[in-house]
1. Against the definition (closer than 16 Å to residue 303 by Cα and in contact with a strand residue (DSSP E or B) (Cβ under 9 Å, 6 or more places away or on another chain)), how does residue 239 come out, yes or no?
2. I'd like to check something: does the range 145-152 contain any residue that is over 30 Å from residue 255 (Cα atoms), crowded, with 18+ Cβ neighbours inside 10 Å and at pLDDT below 95?
3. When you go through 136, 213, 130 one by one, which is the residue that is free of Cβ contacts under 8 Å to residues at least 24 places away in the same chain and out of contact with any helix residue (DSSP H, G or I) (no Cβ under 6 Å at 6 or more places or on another chain)?
4. Quick one: in the range 359-371, which of the residues that are assigned to a loop (DSSP other than H, G, I, E, B) and under 20 Å from the mean Cα position of the chain (by Cα) is surrounded by the fewest Cβ atoms within 10 Å (Cβ to Cβ)?
5. Residues to consider are 80, 59, 50; find the one that is touching a strand residue (DSSP E or B) at 6+ places or on another chain (Cβ under 7 Å), modelled with pLDDT of 55 or more, on the phi < 0 side of the Ramachandran plot and assigned by TED's automatic domain parsing to the domain that holds residue 155.
6. Mind listing just one residue for me: the one in the range 253-306 that is without any contact (Cβ under 8 Å) to a residue 40 or more places away in the chain, touching a helix residue (DSSP H, G or I) at 6+ places or on another chain (Cβ under 7 Å) and under 21 Å from residue 355 (Cα atoms) and, of those, surrounded by the most Cβ atoms within 10 Å (Cβ to Cβ)?
7. Scan the range 396-420 for residues that are over 10 Å from residue 323 (Cβ atoms), out of contact with any helix residue (DSSP H, G or I) (no Cβ under 7 Å at 6 or more places or on another chain) and not in a loop (DSSP other than H, G, I, E, B) and jot them down.
8. Given the condition in a strand (DSSP E or B) and either at negative phi or out of contact with any strand residue (DSSP E or B) (no Cβ under 7 Å at 6 or more places or on another chain) (or both), answer yes or no: does some residue in the range 87-94 qualify?
């Protein structure tokens with residue numbers, strides 16, 4: 001009996017030691033690369049610095065997440081949907097009680113760089129500090145100066161709606177140990193100052209990876225597929241791969257054409273819709289010409305996967321006939337009898353790589369909710385496509401998209417009714 005007790009005691013001691021070691025390892029991994037708070041240095045809030053901070057906040061698209069519909073700019077409260085529940089954005093106005101009123105520049109820098117709040121709490125990566133960690137201290141200080149110049153708005157932050165264990169700091173610490181390392185401007189020097197600037201904007205403030213990089217089951221960005229495309233949680237749209245010639249890769253485009261897409265929302269080759277239209281409208285259209293070209297140049301030189309357009313078995317003849325009828329009645333007036341479109345107004349569907357992608361989710365969403373280019377300074381009165389969610393059934397949507405994806409040499413796989421139904425459910429329509 002004594003020997004058994006000794007053995008159990010030794011086992012318990014070993015387990016306790018392993019737990020302590022695991023906790024220490026998680027703690028240590030969460031501290032690697034973290035920047036110290038510093039000495040509380042003041043930040044010069046000159047008009048020039050504030051104006052620069054306003055521009056950088058625009059490029060970071062901060063207002064989109066930190067402004068709830070109908071609410072005051074930057075006062076927070078918007079629900080960011082994740083696979084684990086809703087995370088509510090914080091108040092960035094300089095209100096003393098509920099915003100950044102008592103924050104210091106060092107504490108704001110730590111939030112961007114380390115993903116820690118003023119009191120040291122770990123922040124949820126719905127706030128994309130995984131990308132903002134690359135923002136320079138100078139740029140962070142400018143953004144802070146701009147936010148401090150805003151009118152304070154008293155608005156308490158809503159409690160996150162996350163289930164257990166995702167609501168715990170312990171779970172968040174484990175996630176960070178697995179997927180996050182603070183990196184002071186880890187953007188490497190490129191072949192030219194323009195490419196270096198483009199890399200900094202795309203990988204840092206632009207936080208393009210947060211949508212365009214696929215995530216694993218725990219919500220971590222997959223390091224094996226950077227910018228390789230993924231589902232935009234909460235929006236039920238597909239952010240296409242920027243490294244695939246069959247999706248949204250732009251290696252064959254002219255730099256000016258890419259810059260036009262980023263700032264105008266439309267170019268000679270494509271147009272944006274869905275969440276990307278919102279990004280162009282609220283953020284990218286305000287890029288300076290030099291910054292737009294820098295981002296375009298860097299995106300253009302990304303290594304590309306020569307991925308063939310999706311092909312599949314043609315749908316049954318009855319589906320094609322029914323789809324053709326719906327297309328003739330609802331679509332041909334704008335997109336043409338042969339899917340040729342109208343230059344400068346309505347996109348061609350024949351040979352359109354967005355039509356031929358393996359993932360048809362965006363097509364389903366456009367038919368259900370409409371396709372709207374953003375109104376921008378370069379394209380102030382864009383053409384749009386009305387929603388058909390009320391007039392077309394799930395069967396109708398599946399049939400017409402199956403016809404479009406098969407017709408005119410597109411040869412893409414059909415769309416099934418289950419995909420349409422799921423898209424309706426995800427978007428609540």
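1. no
2. Looking only at the range 145-152, we keep the residues that are over 30 Å from residue 255 (Cα atoms), and these are 145-152.
Restricting the remaining residues to those that are crowded, with 18+ Cβ neighbours inside 10 Å gives 145-148, 150, 152.
If we keep only those that are at pLDDT below 95 as well, we get none.
Looking through the range 145-152, none of the residues is over 30 Å from residue 255 (Cα atoms), crowded, with 18+ Cβ neighbours inside 10 Å and at pLDDT below 95.
3. 213
4. 359
5. Exactly one of 80, 59, 50 is touching a strand residue (DSSP E or B) at 6+ places or on another chain (Cβ under 7 Å), modelled with pLDDT of 55 or more, on the phi < 0 side of the Ramachandran plot and assigned by TED's automatic domain parsing to the domain that holds residue 155, namely 80.
6. Taking the candidates together, the pick is 262.
7. Residues satisfying the conditions are 408, 409, 418.
8. Within the range 87-94 (the criterion being in a strand (DSSP E or B) and either at negative phi or out of contact with any strand residue (DSSP E or B) (no Cβ under 7 Å at 6 or more places or on another chain) (or both)), the answer is yes, since at least one residue qualifies.
The values are calculated or read from the model by the stated rules, or taken from the named source; none is laboratory data. Treat the numbers as computed from the prediction; the structure is a model and nothing was measured. Quick reminder, even Gly has a Cβ in these numbers, built from the backbone with ideal geometry, and neighbours come from all protein chains shown.
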